[in-house]
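Below: the structure, in structure tokens.
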Amino acid sequence: MYPAPARGERIASLEGYRVLGESEDIYHEGELVAKFCKNELCAGIVGLLSRALGRAPASNCRRGDSAGQILDVAGKVYYCNKGTFLPVKPGMLIHAPKRKRDGQPSPYNVYNTVKSTIVGYTSVSSRGNSGIKGAASSESRPYAWTRDHPREWAAAQPVFRALSNSMKARMPEQHSAQMKRQTHARIEGTPWTTAAVNLNFATGCHLDGQDAEGAFTALTTAGDWRGGEFALPQLRVAVDVRPGDVLFARTDAWWHGNAPITGGDRLAVVAYLHKTLLVW
């Protein structure tokens, strides 16, 4: 196994990687890391994905390590001003970085802007949002896009059910175990609670910190593009996930990112089990 990459490190090239284009299981020391299923979804589901979720991605500067490192150009330090990164001038006073409850710096004011929207459900914040219409329980709430686009969210449900059916058929034990994990909310009939919808977002190397430990995410795509392969740098394996393909992966435990997208438009949907929605 190769060393873990730096947080946010870009995958500039797939030189030295084994790139998968057909169905295959990826193991490390007997543990299933990922399962690639080629041509798993029908054209109708791929088209529905584009129609229901294609307009969801929006400018977002809160995607953490996945948005990549902010490069220091000519010795300048950059800060975030409503999603725009500007050089800090000598003597300039800027707000101190936000901090989490454990005292660690928050990533929310230091990352690059990408086209990405989170859909589905999350936990109620400390400020309280249990009264938001559409919340699945008093402990959960819908993300803003889900709340504000009920028609599109309803139209997207067959996509998530198709992903769930694929996992049930290809990974019955993992699917059953994930379905049994109690949550405060869930994308109905699936082992996931939440999904990221990304447009032309070649992620930097990261771990999915909001994923429940041991859960598998599901990745599928739509569009026509070049590049953008999903890469596991510690294993030097990459997967070319094309429309209709599905990749299930332990993205909570294995560093991953994307090769550069060199042309066209790539819509990606990543369904996951949000750890804050687990019932303990």
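The values are calculated or read from the model by the stated rules, or taken from the named source; none is laboratory data. None of the values given here were measured: they were computed from a predicted structure. Glycine also receives a Cβ, built like all others from the backbone with ideal geometry; neighbour counts cover every protein chain displayed. Just so you know, the surface numbers come from the protein's heavy atoms only, side chains and all, with ligands and any DNA or RNA stripped out. Shrake-Rupley method; radii C 1.70, N 1.55, O 1.52, S 1.80 Å.
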message: If I go through the stretch 234-280 residue by residue, how many of them are touching a Lys or Arg at 6+ places or on another chain (Cβ under 9 Å), small (Gly, Ala, Ser) and open to solvent by 40 Å² or more (accessible area, probe 1.4 Å)?
response: 1
message: Checking the structure you have, find out if any residue of the stretch 183-204 is at pLDDT 95 or above, open to solvent by 60 Å² or more (accessible area, probe 1.4 Å), at positive phi and assigned to a loop (DSSP other than H, G, I, E, B).
response: yes
- prompt: So which pairs qualify, if the first residue must be in the stretch 145-167 and in contact (Cβ under 8 Å) with a residue 60 or more places away in the chain, the second must be of a type in the set (D, E, K, R) and buried (at least 16 other Cβ atoms within 10 Å of the Cβ), the Cβ gap must be under 7 Å, and the two must be at least 6 apart or on different chains?
  reply: Ser166/Glu40
Positions within the stretch 23-45 being under 18 Å from the mean Cα position of the chain (by Cα) and of a type in the set (A, V, I, L, M), in sequence order: Val33, Ala34
- line: Counting only strands (runs of 3 or more DSSP E) entirely within the stretch 232-280, those with at least 1 residues that are more than 17 Å from Ala215 (Cα to Cα) are 237-239, 261-272
query: What residue, of Ser140, Ser164, is touching a Leu at 6+ places or on another chain (Cβ under 7 Å) and modelled with pLDDT of 90 or more?
result: Ser140
message: Suppose the filter is polar (S, T, N, Q) and at pLDDT 95 or above; does Thr251 pass it?
response: yes
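For the stretch 215-226, state whether one or more residues are part of a loop (DSSP other than H, G, I, E, B) and surrounded by fewer than 22 Cβ atoms within 10 Å (Cβ to Cβ).
Taking the stretch 215-226 first, the residues part of a loop (DSSP other than H, G, I, E, B) are 215-216.
Then keep just the ones that are surrounded by fewer than 22 Cβ atoms within 10 Å (Cβ to Cβ); that gives none.
Within the stretch 215-226 (the criterion being part of a loop (DSSP other than H, G, I, E, B) and surrounded by fewer than 22 Cβ atoms within 10 Å (Cβ to Cβ)), the answer is no, since none of the residues qualifies.
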